[in-house]
1. Go through (1) part of a helix (DSSP H, G or I); (2) over 30 Å from Ala75 (Cβ atoms) and name the single condition Gln128 misses.
2. Looking at Glu117, is it of a type outside the set (Gly, Ala, Ser) and touching an Asp or Glu at 6+ places or on another chain (Cβ under 9 Å)?
3. Mind checking which residues of region 52-74 are in contact with a helix residue (DSSP H, G or I) (Cβ under 8 Å, 6 or more places away or on another chain), among the hydrophobic types (A, V, I, L, M, F, W, C), part of a helix (DSSP H, G or I) and at pLDDT 65 or above?
4. Need pairs with beta-carbon distance below 7 Å; first residue more than 15 Å from Val153 (Cβ to Cβ) and within region 54-79, second modelled with pLDDT under 95 and not hydrophobic (A, V, I, L, M, F, W, C); sequence gap 6+ or separate chains.
Amino acid sequence: MRAIALFFVMFLASGPTLLAQTETQSKNSPAKTSATAQGPEELNTREYIILLRKNVNAEKAELLGSVMQLDAEDAAKFWPIYRDYEAELNKLNDLRVANIREYARTYAAMSDAKADELIQNALAYQKQRDELLAKYYARVKEQLGAITAARFVQVEHQLLILIDLKIDSSLPVVGS
């Protein structure tokens, strides 16, 4: 059962990336405007934004719902809290998108100062995301107890890691 759930998580997390690649390829194929016209950084940025925005929230909520196994009463308490969490996470992800865009924009002429600024921004984002998850752990714990809250954090954290891996594996490495 756990292996099936892990496979399902990995499949859902890869879906937006595959969709983004397909959409980018299909948009570029007819006009033959591949990387030569748009540059790989711009194409990568667009794929990251699609990954962060398109279908991820719905897929996460669907998977979370199946793993959480909430009865009707608990679901009525949990989902409004989760919607609040997702709204705050989406606002926070705007910072990440801006940082990725800046990375793509400055990639070809990266300076030490710019690299440091981008990493500091990325670390600040990660810290804020961790604090947000802790905040919502407390809210879920207050309404549904520590076991349910722990399950929420565990599943959400694993999903966020999978999304991070998909994004990070597509980023070019400075100096390569």
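1. (2)
2. Values: of a type outside the set (Gly, Ala, Ser): yes; touching an Asp or Glu at 6+ places or on another chain (Cβ under 9 Å): yes.
Yes: the conditions hold for Glu117.
3. The answer is Val56, Ala61, Leu63, Leu64, Val67, Met68.
4. Lys54/Pro16; Asn55/Gly15; Asn55/Pro16; Val56/Pro16; Asn57/Glu86; Glu59/Gly15
The values are calculated or read from the model by the stated rules, or taken from the named source; none is laboratory data. Everything numeric here is computed off the predicted structure, so don't read it as measured data. Note: ideal-geometry Cβ built from the backbone for every residue, glycine included; neighbour counts use all protein chains shown.
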